[in-house]
Amino acid sequence: MVEIAPCTGSGRATGRRAHVGPAARRAEFPAHAGRLLARKYPMLHGVLVPLSAPPGPREVRRTPTSR
């Protein structure tokens with residue numbers, strides 16, 4: 001089980017925390033979220049973000065959380 005929450009760019013939590021099980025960490029969820037963001041923000045997430053991202057698999061990094 002993993003705890004996630006929306007946060008600012010500096011890592012400060014801005015919303016409620018949610019507990020996420022293994023199903024939300026599967027490979028298709030990040031791809032689906034990327035498609036939704038590209039549809040909502042076509043110029044930013046449809047063009048600029050894919051161009052600025054390095055090719056290949058991405059490394060997932062843990063961010064510190066305050067309790």
Output yes when any residue across the stretch 2-23 is modelled with pLDDT under 85, assigned to a helix (DSSP H, G or I) and of a type in the set (D, E), and no when none is. no
Neighbours by Cβ (under 6 Å, 6+ apart or cross-chain): first from the stretch 1-23, closer than 11 Å to T65 by Cβ; second at pLDDT below 80 and exposed (fewer than 12 other Cβ atoms within 10 Å of the Cβ): G11/T63
Would you confirm, using the coordinates I've provided, whether S66 is modelled with pLDDT of 75 or more and exposed (fewer than 11 other Cβ atoms within 10 Å of the Cβ)? no
Do we find a residue being modelled with pLDDT under 85 and of a type in the set (D, E, K, R) anywhere in the stretch 42-60? yes
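The values are calculated or read from the model by the stated rules, or taken from the named source; none is laboratory data. Note that the structure is predicted; figures quoted are calculated from it, not measured. Please note: Cβ atoms are built from the backbone with ideal geometry, for glycine as well, and neighbour counts cover all protein chains shown.
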